[in-house]
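Shown next, in structure tokens, is the structure this report addresses.
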Amino acid sequence: MNVVEISGVSKRFGSTTAVEGIELEIGEREFVSLIGPSGCGKSTLLRIIGDLIEPSGGKVVVNRKTARQARKDRDYGIVFQDPVLYDWRTVAKNVALPLEIARWPRQKRKVRVQKMLELVELTGFENHRPWQLSGGMQQRVSIARALSFDPALLLMDEPFGALDEMTRERLNMELLRIWAASGSTVVFVTHSISEAVFLSTQVVVMSPRPGRISEVVPIDLKQPRTATTREEPRFFELVTQVREALHLGHDLERAAPVITQQAEA
Amino acid sequence: MATMAAELPVEPRTEVIRRAAARVGTSILVLAALWGLWEGYRWLWIQEGWTWPFIVNDTTMPHLHDIFAALWAKASPGGVGPRLITVLVKGALFTAKEAAAGFAIGALGGFALGVLLAHFRLLQRGLLPWIVASQTVPILVVAPMVVVWANPKLPDSLKDWGAVALIAAFLTFFPVTVNTIRGLQSADRRALELMRSYAAGDWRILWKLRFPAALPYIFAALKISATASVVGALIGELPSSIPNGLGAQIINFSQYYTTQPRGLWATNVIAAALGISFFLIVLIAEKLVVRRAPENLV
Ligand SMILES: Nc1ncnc2c1ncn2[C@@H]1O[C@H](COP(=O)(O)OP(=O)(O)O)[C@@H](O)[C@H]1O
Ligand SMILES: [Mg+2]
């Protein structure tokens, strides 16, 4: 069964067309990355799936419901590039926020928060304030918060984009572990080709003006991914394949310069 | 992960105490400097006989120690009865009651109005100009009218001072309303989107996100309002001939200003102290309530 089914979706902002003719199916427990140059509509597509904005046309079905109903049923956990934590709440209280909104009883909340902090390896930091944590730790709190109510679908918009390379690679490993443990489906926006290949079961390559899906690259690296996955020949083949797909999208579009990972970092 | 704890900024108790001591020290230095400036200015102007911008003498600028001595002296010229400071503090407490009640009414009312106007944009566009206009009304003219209008409606326990509290409230609510609107609308856009993804209703978004986000703005307004409520209470007392407050003392001592300037100056000192205490109380409340990253504090 598919968790997400998108057909013929488009979104216009005034006269600009952000995305157009989007067809995409995401199966249960998949890890799907959206990759493409800035402005190609990755965030827009993610936000349409999460019902943060409405599409101008087309249809989005999530867990056999409309996106709106899925949001009302709390099927989405969202993580942005910035952690967006509340300064006035402790780490534990930040993670508990969605549970408070969902009116979980206090005791159940406490147990759950403890479990989530364990999952992101932040046990012992319950009573810290967000600003007392490093950027990577803050992002882990925000992941714990997003997963606290066990959403079917985790939507992540460049969650590690603001972090340094080393922190990023460590969090990549952690995210895979969390993904395996939580059993949710992930849609992950990134600028980094290697990150997309390393994490995903499928990489969706997008091209700009108007934002379209130019290719879907299945990633057949074996699970679970480890530190040595990045050194496998197959990994490099897939990175090359995604890179070429990206350039193809560009050549079709002509004028735009070739993007590299560095330029976006 | 355990090693990460070591990276966190830890603040030892001694550091906190050292910082507090430095602060007290600075305050004392500033006070001493102001004292020196006053006395130095006075001395220089008298010495040189300068008359611009005004003539300096014991009436226009008495010695500061004379003012404090006057506070300690008996209130009436005959040297009998209570000390001046006793009389003034009694008045100040009465005025403080009016100001505190006015502050509470104004702050709560101003906040409620702010929440309402932030929520209903249309109402905001229609009503805000009138609220602004209300603040241009000369309070000295309106104050006696308010007393006359409100007194008959007030129960005995609230008579007179209740009316003055309303005038203080009138000067208090405006900054609170304006900053509440701004503060509620200052919530991070993505934080609002997260709330949306948790399927949170308007009411919960207000209490769990918008209100805490607005707190620094609200406290900025409360600090202004704290002193404004004292001024409002004093002004309210002046034209309404309420005998118990500091306002009556101001009127009393201004009649004798040319012969006994120290009385008015002493009243001035007490009124200022009242305003400063109100401000400090709000400041302390802010320190207790508003928790922000150090870089986000104003
Ligand atoms: N709220 C908005 N209003 C107007 N234009 C928008 C808005 N959001 C996105 N866009 C436009 O839509 C296009 C795609 O944006 P976005 O989805 O953010 O791209 P990406 O995330 O891939 O960088 C861009 O041209 C952007 O300017
Ligand atoms: Mg984006």
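With +1 on each Lys and Arg Cβ and -1 on each Asp and Glu Cβ, and nothing else charged, work out how big the dipole of the protein assembly as shown is about its Cα centre, in Debye to the nearest 20.
Details: 60 positive and 49 negative charges, 349 e Å.
Dipole about the Cα centre, nearest 20: 1680 debye.
Scanning residues 5 or more positions from A:MET206 or on other chains, those with amide H under 5 Å from its amide H are A:ILE35, A:GLY36, A:SER214, with H placed 1.01 Å from N in the peptide plane.
Nearest 10 degrees, 0 to 90: what angle lies between the long axis of helix A:106-119 and the longest principal axis of chain A (Cα atoms)? Taking the Cα atoms of chain A, the angle to A:106-119 is about 50 degrees. Against the main long axis of the alpha-carbon atoms of chain B, helix B:84-119 sits at an angle near 30°. For the range A:80-100, heavy-atom accessible area (probe 1.4 Å) falls by no less than 20 Å² from the chain alone to the full protein assembly at A:PHE80, A:ASP82, A:VAL84, A:TYR86, A:ASP87, A:TRP88, A:LEU97, A:PRO98, A:GLU100. Rounded to whole numbers, the Karplus 3J(HN,Hα) couplings from phi for the range A:39-54 are x, 8, x, 4, 4, 4, 5, 4, 6, 5, 4, x, 6, 8, 9, 9 Hz, using 6.51 cos²θ - 1.76 cosθ + 1.60 with θ = phi - 60°, and x at Gly and Pro.
Summarising the amide proton neighbourhood of A:ILE78: residues at separation of 5 or more, or on other chains, whose placed amide H is nearer than 5 Å comprise A:LEU155. Between helix B:139-150 and chain B there is an angle of about 80 degrees, using the helix long axis and the longest principal axis of the Cα atoms.
Per-residue 3J(HN,Hα) values for the range B:61-74, derived from phi via the Karplus relation 6.51 cos²θ - 1.76 cosθ + 1.60 with θ = phi - 60°, read 9, x, 4, 4, 5, 5, 4, 5, 5, 4, 4, 7, 5, 5 Hz in sequence order (x marks Gly and Pro). Counting, for every residue in B:197-208, the Cβ atoms of other protein chains within 10 Å of its Cβ and taking the mean gives 5.
Which peptide among A:96-109, A:40-53, B:52-65 comes first, and what is the full order, when sorted by highest mean count of other Cβ atoms within 10 Å?
Values: A:96-109: 15.9, A:40-53: 23.2, B:52-65: 12.9.
In decreasing order of mean packing, A:96-109, A:40-53, B:52-65 become A:40-53, A:96-109, B:52-65.
If you count the DSSP beta bridges with both ends in chain A, what percent of them are antiparallel, to the nearest 5? Close to 50 percent. Taking Cβ atoms as reference points and 14 Å as the exclusive limit, the residues near B:GLY102 contribute a net charge of -2, counting Lys and Arg as +1 and Asp and Glu as -1. For A:GLY27, the amide hydrogen comes within under 5 Å of the amide hydrogens of A:VAL3, counting only partners 5 or more places away or on other chains and with H modelled in the peptide plane. When you restrict to C-alpha pairs under 8 Å that are six or more residues apart and normalise by the size of chain B, the relative contact order lands at 23 percent.
Per residue, chain B exposes 57 Å² of accessible surface when a 1.4 Å probe is rolled over the protein heavy atoms with every protein chain present.
For the protein assembly as shown, the share of accessible area belonging to carbon and sulfur comes to 62 percent (1.4 Å probe, ligands and nucleic acids excluded). Computed from backbone phi with θ = phi - 60° and the Karplus coefficients 6.51, -1.76 and 1.60, the 3J(HN,Hα) list for the range B:190-204 is 6, 4, 5, 5, 4, 4, 4, 6, 8, 6, 7, x, 3, 5, 6 Hz; x is used for glycine and proline. With a 1.4 Å probe on protein heavy atoms only, work out how much accessible surface A and B bury together, total over both chains, in Å² to the nearest 100. Using a 1.4 Å probe, the pair buries roughly 2900 Å². The mean number of partner chain beta-carbon atoms within 10 angstrom of a residue's beta-carbon across peptide B:187-196 is 5.
The values are calculated or read from the model by the stated rules, or taken from the named source; none is laboratory data. For clarity, every value in this text was computed on a predicted model and none was experimentally measured. Cβ atoms come from the backbone with ideal geometry, glycine included; neighbour counts cover every protein chain shown. We work out accessible area using only protein heavy atoms, side chains counted, and drop any ligands, DNA or RNA first. Shrake-Rupley method; radii C 1.70, N 1.55, O 1.52, S 1.80 Å.
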